[in-house]
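Chemist: One structure, pasted below without further comment.
Where a number appears in this text, it was derived from the coordinates with a stated rule and is not lab data. Fair warning: this is a prediction, and the values are worked out from it, not measured in the lab. Positions of Cβ are generated from backbone atoms using ideal geometry, with glycine treated the same way; all protein chains shown enter the neighbour counts.
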Amino acid sequence: MAICDDHPGLRAEIVVDGQALKEYDDEEATPNTITKYIEASSGKCFAMKMSFDPPFPTRYGVEVRVSVDGASGRKISYAPDQLYTPAGHVKSGVSFQENGRWFRQNYCFTALNIGEMSRALYDELLLLT
């Protein structure tokens, strides 16, 4: 789970089938940023879970901007009295409107096709680098 020392009580994690995924640290971290990597579970749906616990301040609300695969982020706002919830706050997808109808699309990892690479393709990729 991503934890920011500058904001104690704030946690963020990626969840699949109710379980937080193992995270790996970013070796090239930039200042004022926390970056973690996870192993994608091919074809599985996932959710983002944010938790606010003491001593996280509740004087003001919180706005979270979520971006997946570089798509422009959606904003989620939590009022001060909504921050401390035992289950945390889970975002499992996006809602959108099309032709006057509302739809919901879950966040899902792309199904991975893993196989052997032909020698010719391997040689071609080496030439490009």
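Chemist: Roughly how compact is the stretch 30-105, stated as its Cα Rg over 2.2 N^0.38 Å to two decimals? Could you put the intermediate results ahead of the total?
Modeler: On the way: Rg = 15.1 Å, N = 76, 2.2 N^0.38 = 11.4 Å.
Ratio of Rg to 2.2 N^0.38 Å for the stretch 30-105: 1.32.
Chemist: Along the charge dipole of the chain, pointing to its positive end and built from +1/-1 on Cβ of Lys, Arg, Asp and Glu, which listed residue (Gly100, Ser67, Ala20) has its Cα farthest out?
Modeler: Positive-most Cα among the choices belongs to Gly100.
Chemist: Now, a different point. With the convex hull built on the Cα atoms of the chain, state its orientation-averaged projected area in nm².
Modeler: Numbers: hull surface 48.9 nm².
Its average projected convex-hull area is 12.2 nm².
Chemist: For the stretch 90-129, what is Rg from Cα atoms divided by 2.2 N^0.38 Å, rounded to two decimals? List each step's numbers first, then the result.
Modeler: Numbers: Rg = 19.5 Å, N = 40, 2.2 N^0.38 = 8.9 Å.
Dividing the Cα Rg of the stretch 90-129 by 2.2 N^0.38 Å gives 2.19.
Chemist: Another question about this same structure. Counting other C-beta atoms within 10 Å, and keeping those with at most 13, which DSSP coil GluC sites (Glu not before Pro) do you find in the stretch 1-94?
Modeler: Details: sites: Glu13, Glu23, Glu27, Glu28, Glu39, Glu63; in loops: Glu27, Glu28, Glu39.
Counting only loop positions with at most 13 other Cβ atoms within 10 Å, the GluC sites (Glu not before Pro) in the stretch 1-94 are Glu27, Glu28, Glu39.
Chemist: Report the charge-dipole magnitude of the chain in Debye, nearest 20, computed about the Cα centre from +1 at each Lys and Arg Cβ and -1 at each Asp and Glu Cβ. Kindly include the intermediate steps, with their values, before the conclusion.
Modeler: On the way: 13 positive and 18 negative charges, 154 e Å.
So the dipole magnitude of the chain works out to roughly 740 debye.
Chemist: Quickly estimate the mean residue ellipticity at 222 nm for the chain, helices only: each DSSP H run with n ≥ 4 gives -39500 (n - 2.57), and the total goes over all residues, rounded to 500.
Modeler: Computed ellipticity for the chain at 222 nm equals -2500 deg cm²/dmol.
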